[in-house]
């Protein structure tokens, strides 16, 4: 008996009638959107706490304001992921927040002509200087050049021989605006002109990040797989932990929207250990670094962009070696040694490497999850790829179940019914789950389908005649991370 849903059995008018059924044809994939949380300035046109789809870097400048976190983070993300669907969630500066301030004082002008190389949040300013200029002249010239340079997240002014900097966004984000001279040093041709002396005062005093709770509530049930957070303060990370949580958040059975937070933190080895060990969230990753000219929030955006491209293509392929475009490496003396990086990976902090040409690349991107509910070490959610592979497999299962069993009748195993009837039994469902698993195995997401089939349980629920329960004992595929070789050589006789 063919299971028609619409064509009636008693129709007598000739001849041909076709009913379309898509239950066996669903091969669609979920749109894996990215979302950037970022502050805007008073010049930004975007309404705060209203998510909007990105229409390019120019749109982000208008929406966030020139030099805003939103504009710079979106550009950093797009440098790696130019194709994926990207949204932003504009944040207004918190009420009462203070803006970070810093300064550069020219103490003495040069005795010979040259170029003064100033870096502001990793953006290079090359300012010609002459011995005929006074300190005030040089400061004024620097301000003029800075104001003409796009991508500077600080306002500038000059008084006598001092250039003052004020972050365009209030809050701790401004403390991340690094000021330094001659980043490339002598090998890169950057040397302070002879006779010129200066004093740098680092950006500081930025306080009070925006409250993320209201902004996150505005997302409704829109799915975002890659969430870029510019902050690592406990309140912000806790808000995202609740938002993505397994009990009532996006990883819960009620929502099944999934997603992961990407962020970065600046600090010494000890400070990063303290940051990482204070967290225990499988749905967040913190990239730790020390002394990079690039702000942590740009690190976070670049990290998410690089990861998103790979994870969309194949969620199980390891992320190691992916370059972080637009991120300037810390100086050699500020990079963590192998032993330190290994320890950080046990303390919830992700790590990176730096190539000879200065390219920064992911070494191991982990979650901050470290212990189970009893406080014992637990590595089940250590790797980010595990979470993304699991969400991909669960979405595939959901698509199969909702496409094939949207309107069917349920019978016990062994029930006799005509072939093609609109009836399923637990064993029929079980066979479909095995076939789905085998497809995922062919796609390199899971392994050991024979073991899976032996452990799979599909049964009718004892307390509800209309419910089927299934135990899915999937074995996710692994990533090759360590290759250990014992070179047990021999000497010729």
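Quick note: the coordinates plus some simple rules give every number you see, no bench work behind them. Quantities reported herein were computed from a predicted structural model and do not represent experimental measurements. Cβ placement follows ideal geometry from the backbone for every residue including glycine, while neighbour counts extend to all protein chains displayed.
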Inter-site label distance for residue 317 and residue 403 at 7 Å from Cα along Cβ, in nm: 2.3 nm
Crossing angle, helix 135-148 versus the chain [Cα axis fit, 0-90 degrees, rounded to tens]: 20 degrees
Cα shape, the stretch 101-204, gyration tensor, a/c 1.5 rule: prolate
If I take all pairs of Cα atoms in the stretch 306-374, what percentage of them are more than 18 Å from each other? 46 percent
For Rg and Dmax of the Cα atoms in Å the list reads (i) 28.3, 104; (ii) 26.9, 88; (iii) 22.3, 73; the calculated value is entry (i)
State, to one decimal in nm, how far the label point of residue 491 lies from the label point of residue 217, with both points 7 Å from Cα in the Cβ direction. 7.6 nm
Spin-label proximity, residue 108 to the stretch 176-206 - amide N less than 17 Å from point 7 Å beyond Cα toward beta carbon: 192-200
In range of the label at residue 417: residues from the stretch 372-409 whose backbone nitrogen is under 15 Å from the point 7 Å along Cα→Cβ: 404-409
Gyration tensor (alpha-carbon) shape descriptor, the stretch 247-297, a/c threshold 1.5: oblate
With the Cα gyration tensor of the stretch 409-493 in hand, give its eigenvalues times 5 under a square root as the equivalent ellipsoid semi-axes, listed largest first in whole angstrom. 45, 13, 10
Explain nothing, just the number: relative contact order of the chain, from Cα pairs under 8 Å at least 6 residues apart, as a whole percent. 13 percent
Report the Cα centroid-to-centroid distance between the stretch 97-160 and the stretch 437-493 in angstrom, as an integer. 59 Å
Compute the separation of the alpha-carbon centres of the stretch 237-285 and the stretch 333-383 and state it in Å as a whole number. 15 Å
Considering only the chain, what is the antiparallel percent among its DSSP beta bridges, to the nearest 5? 65 percent
C-alpha long axis of helix 234-243 to longest principal axis of the chain, angle in °: 20 degrees
Which distance in nm do the two modelled labels at residue 337 and residue 470 give, with both placed 7 Å along the Cα-to-Cβ direction? 5.2 nm
